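Trainee: Quick one: the structure is below, and I'll ask about it shortly.
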């Protein structure tokens, strides 16, 4: 792909084009879905940036970065899938599949094995990296809801992308906790009756 011009003026009236050339309103369910996946990718970019600036023991920082690099690349495939009507897919088109989803599950199990079991809900935070990963988790859940909304219009056309995003939100929760531990940041549990410190 070669981009020679950033602006096209084609969207000035509130429409955009899919990969196959079809024109859609910018608030169409399909556009909302892949736009939110793009937003998720941007938040993960922030998490990687702050992870790179933080000091961790051993190779923890590199491990976090390696996982997020794979995920960011996968999300481009998810976005491309959502930006393409099923009838316009081509042979060899990059798409996430069962192996990618299984990798997320494996990572989730590996990182979770290093953590103490949760006895209560935790408040989003855990330092800059953990906080951005929590934010990414919530954006990921929104993307999932929007892919489900798209599936109501086009049943079963993006099942792999939906499953990937669903599993990714689980991984981001576990990884946010693991990152907090790796960076030596404190996590705070939900207090049912919080009291301000005096």
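Just so it is clear, none of the values below were taken in a lab; they were calculated from the coordinates. What you are looking at is a predicted structure, and each value in this text was computed from that prediction instead of being measured. Because the Cβ atoms are built from the backbone with ideal geometry, glycine has one as well, and the counts that use them run over all protein chains shown.
Trainee: I need 178, 190 ordered by Cβ neighbour count within 10 Å, fewest first.
Mentor: In increasing order of surrounding Cβ atoms, one gets 190, 178.
Trainee: Using the count of nearby Cβ atoms within 10 Å as a rough guide to exposure, how do 34, 188 rank from fewest to most?
Mentor: 188, 34
Trainee: What length, rounded to one decimal in nm, is gained on full extension from residue 185 through to residue 85, with 0.36 nm per residue of separation minus their alpha-carbon distance?
Mentor: Length gained, residue 185 through residue 85: 31.6 nm.
Trainee: Ranked from highest to lowest mean number of other Cβ atoms within 10 Å per residue, what is the order of the peptides 70-76, 114-120, 102-108?
Mentor: Answer by packing, highest mean first, reads 70-76, 102-108, 114-120.
Trainee: What length, rounded to one decimal in nm, is gained on full extension from residue 120 through to residue 106, with 0.36 nm per residue of separation minus their alpha-carbon distance?
Mentor: 2.6 nm
Trainee: Then there's this: Which length gain, in nm to one decimal place, applies between residue 73 and residue 39 when the Cα-Cα distance is subtracted from 0.36 nm times their residue separation?
Mentor: The span from residue 73 to residue 39 would gain 10.9 nm if fully extended.
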